[in-house]
Amino acid sequence: MYFTKMHGLGNNYIFINLLENTLQEQILPTLAKNLSDVRFGIGSDGMILICDSKVADFRMRIFNADGSEGKNCGNGLRCVAKYLYDHQFIDSTCFTIETLGGIVEVHISQENTKEVEFVTVDMGEPKLLKGMIPMKGDPTTKTINEPLTIGGNVYYLTCVSMGNPHAIMFVDDVHNVPLETIGPMIEFSDLFPERVNVGVVEVKNDNEIDYRVWERGSGLTMACGTGACAAVVAATLNGKLKQNQVITVHLPGGDLEIHWDEHNHVWKKGRAEYICHGEIKLDYFTKETML
Ligand SMILES: N[C@H](CCC[C@H](N)C(=O)O)C(=O)O
């Protein structure tokens, strides 16, 4: 089975093209976990499958490093779009990709280079109601800077779904937050029945924010595309940014341009890069334990 390892701002995944291949459904969580293992496997933030779709041009499935299936992946979408266009599975520079979190539209920014460097994605509309995150509480209300007690501490959270759930908090310095401690506490809180991605945001000025993330199912990553979108929406809802502006989001792995437009769509522009191609033996990577 061939794979391609790619990254979006250091948020890296093992991509498997299932347009001409198949994998048994029941092996997918174990396969994702073992591929992601940095010691016994290849090492990545997870696995992404490129599949046919009945409702869009293509379908993307994303599995986190713990084997859990995510519902959307902003960095992964840019890599999938680049892979499909570079490998001539599509010749249009605008096409749609189905995810569990909804259908998105990707735009290839072909800047006269032989390979795609930048991809812009219309990530669709943010979902704000508790029932859509999902999280506990009145499903018809929003969570905007709400004080929530988790593990004995009070966190002021703003929750946004970009097809996948994000809990965002605002801090004075994103580099001075023990995200490796508070991240899992919030991720696994019973407030979030499907767990949650946890992000910290420092608003620098009217057009820039710093953002770090503890990802559901993968832990600290260098970047999170859906999280960057959620961070801009959350900062705008809290009056810290203005809507319909292009915001530069600084992540540990690089910058993304995010634009929550006047039609309530969130656009994301950023790089996507190849790391390597290779071949794996499925029987090795589908063992329950690698020890
Ligand atoms: N951990 C996320 C999936 C990956 C999202 C992230 N890598 C991105 O670029 O959006 C979740 O379980 O919702």
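The values are calculated or read from the model by the stated rules, or taken from the named source; none is laboratory data. Fair warning: this is a prediction, and the values are worked out from it, not measured in the lab. Every residue, glycine as well, gets a Cβ built from its backbone with ideal geometry; the counts of neighbours run over all protein chains shown. Note: accessible area is taken over every heavy atom of the protein model, side chains too, but ligands, DNA and RNA are not part of it. Shrake-Rupley method; radii C 1.70, N 1.55, O 1.52, S 1.80 Å.
Numerical summary
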quantity	calculated
Count - residues of the stretch 229-244 that are among the hydroxyl-bearing types (S, T, Y) and buried (at least 23 other Cβ atoms within 10 Å of the Cβ)	0
Subset of the stretch 151-168 that is in a loop (DSSP other than H, G, I, E, B) and in contact with a Gly (Cβ under 8 Å, 6 or more places away or on another chain) - its residue that is nearest to the ligand (Cβ to nearest atom)	N164
Filtered residue count, the stretch 24-61, keeping only those that are farther than 19 Å from M6 by Cβ and among the aliphatic types (A, V, I, L, M)	3
Among the residues listed as I280, I247, the single one being open to solvent by less than 70 Å² (accessible area, probe 1.4 Å) and in the same structural domain as F40 (by TED's automatic domain parsing)	I280
M132 being hydrophobic (A, V, I, L, M, F, W, C) and in contact (Cβ under 8 Å) with a residue 60 or more places away in the chain	no
Strands (runs of 3 or more DSSP E) (entirely within the stretch 202-291) containing at least 1 residues that are within 23 Å of I103 (Cβ to Cβ)	208-215, 254-260, 266-271
Filtered residues of the stretch 235-271 (kept if of a type outside the set (S, T, N, Q), more than 15 Å from the ligand (Cβ to nearest atom) and either touching a residue at least 40 places away in the same chain (Cβ under 8 Å) or touching a Pro at 6+ places or on another chain (Cβ under 7 Å) (or both))	A235, L237, K240, I247, H250, W260, H265
Pairs with Cβ under 6 Å, 6+ apart, first in the stretch 1-25 and closer than 14 Å to A81 by Cα, second basic (K, R) and within 16 Å of the ligand (Cβ to nearest atom)	G8/R78
Filter result for N153 (of a type in the set (S, T, N, Q), touching a residue at least 12 places away in the same chain (Cβ under 8 Å) and surrounded by fewer than 18 Cβ atoms within 10 Å (Cβ to Cβ))	yes
So T226, is it in contact (Cβ under 8 Å) with a residue 12 or more places away in the chain, of a type outside the set (A, V, I, L, M, F, W, C) and buried (at least 24 other Cβ atoms within 10 Å of the Cβ)	yes
Only one of T4, T99 that is open to solvent by less than 20 Å² (accessible area, probe 1.4 Å), away from the ligand (no atom under 16 Å from the Cβ) and hydroxyl-bearing (S, T, Y)	T4
